[in-house]
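The values are calculated or read from the model by the stated rules, or taken from the named source; none is laboratory data. Note that the structure is predicted; figures quoted are calculated from it, not measured. Methodologically, a virtual Cβ is constructed for each residue, glycine included, from the backbone with ideal geometry; neighbour enumeration extends over all protein chains shown.
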Amino acid sequence: MKRLSLYVVAIVAIVVVGVLIMRSGESVAAESVAPENVPTENVTHESVATEPAKPKAYVESGERRLELPAKSERANAVEMEIKCGDKLNYTALYDTERYASLWVAYEVSSDDMGDVKRPTSWSYNPQLSTSKQVNLCSRSYNDDYSRGHLIPNASRNARREEQEQTFYVTNSVPQIQNGFNGGVWMHLESAVQRYAEHEPLYVTTGVIFEPVGESREIAYTTAKDDTKRVPVPNYFYKVVLSVERNASGDIVDAEAVGFWFEHRAYSDKYYNYAVSVDEVERLTGFDFFASLPDDVEARAERSTNNFLR
């Protein structure tokens, strides 16, 4: 009798365990199946929206302005932004040992040009110690050299403060006056300004003492009010860029031209000294207009078409 009771208890236990296992399986299955009344979008992964690629513009966060050469390391050279308040007036790469800006880069348009009277004196650049500058504030250089502007006064004579910043002594280099500063160089500056009356231009102007891979004798002068020995540039150059944009503001094409001058007196026209920007890059070692789209830059810089003529 006792043996029969044990059998009954065992059978009941087996049944109970089986029932529990069946219910557990149903529960797991129920959890793995989405209820029919749950909308489909609630059980699928949410798609992440991605922003379309931004069109290449001449100024983007972390990208250099269109008129600026690519960053380069030059001994004793410091890159300076010359600003009026928050507005950039121009940028200069200034050699503190040679007391000269190796290049000055700026944008010029009709908005920058006016009829503000030309200042009569120059001033020190407040960004640098006066020990790194030449005193040209009242008088020019010796040896009949003029205080030659790199960014011209007439490209910034719409507003007094911007104009006065072109009279920082860091924007001056010794220039032959007759036949150069007062001749072929002035005529090239005027051609740039005439074109910019109708369309903005991006310009880099500079000096070279020795072209890349070459050796040249360098002459020195002094300022009338200073004893520092100032090297006289052997060459001057200017590269000029005009861009075409589409309706979205993206650059789709460009024209560029360079000019290369030995520092001497000239009697002919500035346009006789037009060269490709590629050629000026070869002679100077600078990479101009590096923020252009690569294909546009390559096409524009190898051209020898002088659109300023």
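Quick notes on this one:
- Hey, Asp226 assigned to a loop (DSSP other than H, G, I, E, B), in contact (Cβ under 8 Å) with a residue 24 or more places away in the chain and on the phi > 0 side of the Ramachandran plot or not: no
- Look at (1) among the β-branched types (Val, Ile, Thr); (2) surrounded by 13 or more Cβ atoms within 10 Å (Cβ to Cβ); (3) assigned to a loop (DSSP other than H, G, I, E, B) and you find that Val212 fails only one, number (2).
- Listed by first and then second residue, the pairs linking a residue in region 160-185 that is farther than 22 Å from Lys117 by Cβ to a residue that is of a type in the set (Asp, Glu), with Cβ atoms under 8 Å apart and 6 or more places separating them unless they lie on different chains, are Pro174/Asp143; Ile176/Asp144; Val184/Asp268.
- Against the list (1) in the same structural domain as Phe180 (by TED's automatic domain parsing); (2) surrounded by 13 or more Cβ atoms within 10 Å (Cβ to Cβ); (3) within 26 Å of the chain's Cα centre (by Cα), the condition Glu244 fails is (2).
- Pairs, first over 20 Å from Val232 (Cα atoms) and modelled with pLDDT of 95 or more in region 259-286, second surrounded by 19 or more Cβ atoms within 10 Å (Cβ to Cβ) and among the acidic types (Asp, Glu), C-beta under 6 Å, six or more apart: Val277/Glu301; Asp278/Glu301
- Of the listed requirements (1) farther than 28 Å from Gly249 by Cβ; (2) at pLDDT 90 or above; (3) acidic (Asp, Glu), Asp86 misses just one: (1).
- Condition check for Phe180: touching a Lys or Arg at 6+ places or on another chain (Cβ under 8 Å) and either closer than 29 Å to Phe289 by Cβ or at pLDDT below 95 (or both): yes
- Flag if Tyr202 is among the hydroxyl-bearing types (Ser, Thr, Tyr), in contact with a Leu (Cβ under 7 Å, 6 or more places away or on another chain) and not in a loop (DSSP other than H, G, I, E, B): yes
- Residue match in region 104-113 (condition: in contact with a Cys (Cβ under 7 Å, 6 or more places away or on another chain), in the same structural domain as Ala191 (by TED's automatic domain parsing) and not hydroxyl-bearing (Ser, Thr, Tyr)): no
- All positions within region 262-275 that are over 24 Å from His198 (Cβ atoms) and part of a loop (DSSP other than H, G, I, E, B): His263, Arg264, Ala265, Tyr266, Ser267, Asp268
- Residues that are more than 26 Å from Arg65 (Cα to Cα), in contact with a Phe, Trp or Tyr (Cβ under 8 Å, 6 or more places away or on another chain) and surrounded by fewer than 21 Cβ atoms within 10 Å (Cβ to Cβ), drawn from region 264-278: Arg264, Ala265, Tyr266, Tyr273
- Test for Tyr220: is it assigned by TED's automatic domain parsing to the domain that holds Pro152 and touching a Pro at 6+ places or on another chain (Cβ under 6 Å): yes
- Some residue of region 133-155 being within 27 Å of the chain's Cα centre (by Cα) and among the acidic types (Asp, Glu): no
- Test result for Tyr237, in a loop (DSSP other than H, G, I, E, B), assigned by TED's automatic domain parsing to the domain that holds Pro152 and crowded, with 17+ Cβ neighbours inside 10 Å: no
- Odd one out for Val230, checked against (1) buried (at least 19 other Cβ atoms within 10 Å of the Cβ); (2) within 24 Å of Ala191 (Cα to Cα): (2)
- Residue check for Arg309: among the basic types (Lys, Arg) and either in the same structural domain as Asn234 (by TED's automatic domain parsing) or crowded, with 17+ Cβ neighbours inside 10 Å (or both): no
- Considering Ala92, Ala158, Ala154, Ala100, the condition of being in contact with a strand residue (DSSP E or B) (Cβ under 8 Å, 6 or more places away or on another chain), assigned by TED's automatic domain parsing to the domain that holds Pro231, more than 16 Å from Lys228 (Cα to Cα) and modelled with pLDDT of 95 or more is satisfied by Ala92 alone.
- Residues in region 291-303 that are in contact (Cβ under 8 Å) with a residue 40 or more places away in the chain and either assigned to a helix (DSSP H, G or I) or surrounded by fewer than 18 Cβ atoms within 10 Å (Cβ to Cβ) (or both): Pro293, Val296, Glu297, Arg299, Ala300, Glu301, Ser303.
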